[in-house]
1. Does region A:177-195 contain at least one residue that is touching a residue at least 60 places away in the same chain (Cβ under 8 Å), hydroxyl-bearing (S, T, Y) and within 12 Å of chain B (Cβ to nearest Cβ)?
2. I'd like to verify a number: residues in region B:99-136 that are at the interface with chain A (Cβ under 8 Å from one of its Cβ atoms), of a type in the set (K, R) and farther than 28 Å from B:I56 by Cα, how many?
3. Just wondering, is there one or more residues in region A:216-235 that are of a type in the set (G, A, S), closer than 30 Å to B:D186 by Cα, touching a strand residue (DSSP E or B) at 6+ places or on another chain (Cβ under 8 Å) and within 14 Å of another protein chain (Cβ to nearest Cβ)?
4. Which one of these is polar (S, T, N, Q) and in contact with a helix residue (DSSP H, G or I) (Cβ under 9 Å, 6 or more places away or on another chain): B:N109, B:N99?
5. Report, by residue number, each residue of region B:85-103 that is part of a helix (DSSP H, G or I) and under 24 Å from A:H220 (Cβ atoms).
6. Does region A:98-116 include one or more residues that are closer than 20 Å to A:H162 by Cα, assigned to a loop (DSSP other than H, G, I, E, B) and charged (D, E, K, R)?
7. Working carefully through the options A:W122, A:W98, find the one that is in contact (Cβ under 8 Å) with a residue 60 or more places away in the chain and touching a Leu at 6+ places or on another chain (Cβ under 6 Å).
8. Could you identify the single residue in A:N94, A:N90, A:N165 that is at the interface with chain B (Cβ under 8 Å from one of its Cβ atoms) and more than 18 Å from A:T218 (Cα to Cα)?
Amino acid sequence: MYRLWRRRRGPLPPPPPDDPEDPWLPPPLGGGGGVCTTCEPGDDPYENDGDELCALGEIAYGNGGCIGEAEPEPCEGNPVKNPRIAEQNNIGINGGRWGDTRSEGEQFHSGLDLKNDVGNPWFSPVDGNIDAVAVSESRDLGYYVTIRFQKNGVYYTMQFGHLQNDSWPPNGSTISAGDVIGIQGVSGNLDRAIRQGATNDVHSHIIVRKRTGTGWNTKHDYGDPLNPEQFIKTKFDANGSPVAETDC
Amino acid sequence: MEVPSQKQTANLTKSDKMKDFKRYFVIALAGLFLFPISTSAQTLPLTSQPRGNNIISCSAYEAITYNGHTIDQINATEGNNNSVQSLWGTYSSVDEDENVWEKVFIYFNNAVVFNTERSRLTVIEIKDNQWVIKVLGKEIRVGNSFSELQQKFGSDLKIIYKPDINPNYAVSFNCSGNDFNGLLIDLSTETNKVVEIAYFKNP
């Protein structure tokens, strides 16, 4: 009967979106994606040197998950390949940039909004370690991960918001540039902003701060948010378009 | 008393079966017609309402009250514990996540959230019917049905539905040109009733 139906009707229709076998669905978080269930923390996702438990073509993330290599490897210094600024529907691309870019310059935007698709990974643009992770969903920034890194002898933090829950490496772990540090979600206020139409672009809000104190407390030992564009490889011109020679 | 013969019993059973079949056939036929009608009635807002934000004047938008207070009044507290309590009384708890400069005041099932770096309100989440908002002087609370909202704001009330982002549909009020914050009133697609009211700062 099934064969007859196929012969008469042609190929089967695509599976429904909630079909767990649907290859386009992001894998479940916290392990279990693809054929593997655990990965060694700190595994280089691009080397298959025998100690990885993720299948070839998959990359490790979080505390033991594997995800299909949906995004090609970004060049060193970028958190995603060919980063693009997320647009605000009212004011365009500048609304996704750091600074007094909202409400006709009257409202400060503390970070850089870079686009990514839901379920796709974010990569560390720097060597460093995981400084903080969300223990619960921030109502504004959503699920987040914070990296601590050094540049010219000065410590900074780089924070990625609107991620999926539990998609980051263990808190305190050492990471290298190119390691997966989280998976894009719509957590926090991003869900509401997209539904209301403030923006159509799924993105991570990226905040960079310089260590100014003697301790390591984010609130007390780090300064005001800096422009994250200084800390990624791709540069953007005045219109928010990537400068060709830096885009990779 | 006359006892029916075996043949008569068989005939009666056959006749009963025919009657039963007809009865079930009529019920099934009615079901075929009535099911789509009841389904479409339940999903009426999703199929019939215009889409988008409900734009009101900016003065009306700024006059929206959240359990009795405007956004300006709430912002004026700068997230100070005593000042927040002066608006809504003693909170159930207050939590702070220093990693994201966020302070959350919990009032039972409702939350009022401030960014402590800017001392600005970022979120109000209302999830029970004890807290009420007023838009254009009309009350909205959790549990209101979509038809009640239509009675208050007009039958052409616009809705937002983006199931790839969130399974609920929503009614949004905003003022023209405002890109800084918003108000979303979430309704369940199953009950067509308000399940959450949220003020949010555009992230």
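Every read-out reported here was derived from the displayed coordinates using simple, explicitly stated rules and does not represent laboratory data. Keep in mind the model is a prediction, meaning the values are calculated, not measured. Glycine gets a Cβ as well: all are built from the backbone with ideal geometry, and neighbour counts include every protein chain shown.
1. no
2. 0
3. Going through region A:216-235, the residues of a type in the set (G, A, S) turn out to be A:223.
Narrowing the set further to residues that are closer than 30 Å to B:D186 by Cα leaves none.
No, the conditions are met nowhere in region A:216-235.
4. Details: B:N109 fails: in contact with a helix residue (DSSP H, G or I) (Cβ under 9 Å, 6 or more places away or on another chain).
After applying the criteria, what remains is B:N99.
5. Initial filter on region B:85-103 (part of a helix (DSSP H, G or I)): B:85-88, B:98-100.
Listed by number, the residues that qualify are B:E98, B:N99, B:V100.
6. No, the conditions are met nowhere in region A:98-116.
7. Values: A:W122 fails: touching a Leu at 6+ places or on another chain (Cβ under 6 Å).
Result: A:W98 is the single residue among A:W122, A:W98 that is in contact (Cβ under 8 Å) with a residue 60 or more places away in the chain and touching a Leu at 6+ places or on another chain (Cβ under 6 Å).
8. On the way: A:N94 fails: at the interface with chain B (Cβ under 8 Å from one of its Cβ atoms); A:N165 fails: at the interface with chain B (Cβ under 8 Å from one of its Cβ atoms).
Exactly one of A:N94, A:N90, A:N165 is at the interface with chain B (Cβ under 8 Å from one of its Cβ atoms) and more than 18 Å from A:T218 (Cα to Cα), namely A:N90.
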